[in-house]
1. Could you work out the local net charge near Gln33, counting Lys and Arg as +1, Asp and Glu as -1, over the other residues with Cβ closer than 10 Å to its Cβ?
2. To the nearest 10 degrees, how steep is helix 51-60 against the longest Cα principal axis of the chain, on a 0 to 90 scale?
3. Give the relative contact order (percent, whole number) for the chain; include only Cα pairs under 8 Å separated by 6+ residues.
4. At 1.4 Å probe size, with the rest of the protein present, what percent of the exposed accessible area of the chain is carbon and sulfur atoms?
5. HN-Hα J couplings of region 2-19 from phi, Karplus 6.51/-1.76/1.60, θ = phi - 60°, integer Hz, Gly and Pro as x?
6. Return one whole number: the accessible area per residue of the chain in Å², for a 1.4 Å probe.
7. Write out the GluC sites (Glu not before Pro) in the chain meeting two conditions: DSSP loop, and at most 15 other Cβ atoms within 10 Å of their Cβ.
8. For the chain, run through the trypsin sites (Lys or Arg not before Pro) and keep only the ones in DSSP coil with at most 16 other Cβ atoms within 10 Å of their Cβ.
Amino acid sequence: MPKLANEQGQAVYFNGVTKGGKERWIVLAASGQTLQGRDRQKLKSRTFSQYHQAEAFLNRNGYTIALY
């Protein structure tokens with residue numbers, strides 16, 4: 001599971017999984033932080049049905065630095 005970080009030092013885990021027989025992309029907040037949901041709600045994880053949606057979310061929030 002790749003770990004990505006932004007310039008503020010916040011980190012997330014990004015992973016593709018099979019859920020209900022379909023491929024899904026999960027973004028999971030690391031170290032007790034929260035992610036912004038669709039209506040600005042605070043979430044610990046976001047699930048996307050398409051890769052390009054997850055990739056756009058990560059880029060929009062600045063998660064571009066890969067940590068391994």
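The values are calculated or read from the model by the stated rules, or taken from the named source; none is laboratory data. No experiment lies behind these values; they were computed from the predicted model shown. Counting neighbours? That spans all protein chains shown, and the Cβs are built from the backbone with ideal geometry, glycine included. Heads up: the accessible areas ignore ligands, DNA and RNA and are worked out on the full protein's heavy atoms, side chains in. Shrake-Rupley method; radii C 1.70, N 1.55, O 1.52, S 1.80 Å.
1. Result for the neighbourhood of Gln33: +2.
2. Orientation of helix 51-60: about 10 degrees from the principal axis.
3. 36
4. So the carbon and sulfur contribution to the accessible surface is 46 percent.
5. x, 10, 10, 9, 10, 5, 7, x, 6, 10, 9, 9, 10, 8, x, 9, 9, 10
6. 71
7. Filter output for the chain: Glu7.
8. The qualifying sites are Arg38, Arg40, Lys44.
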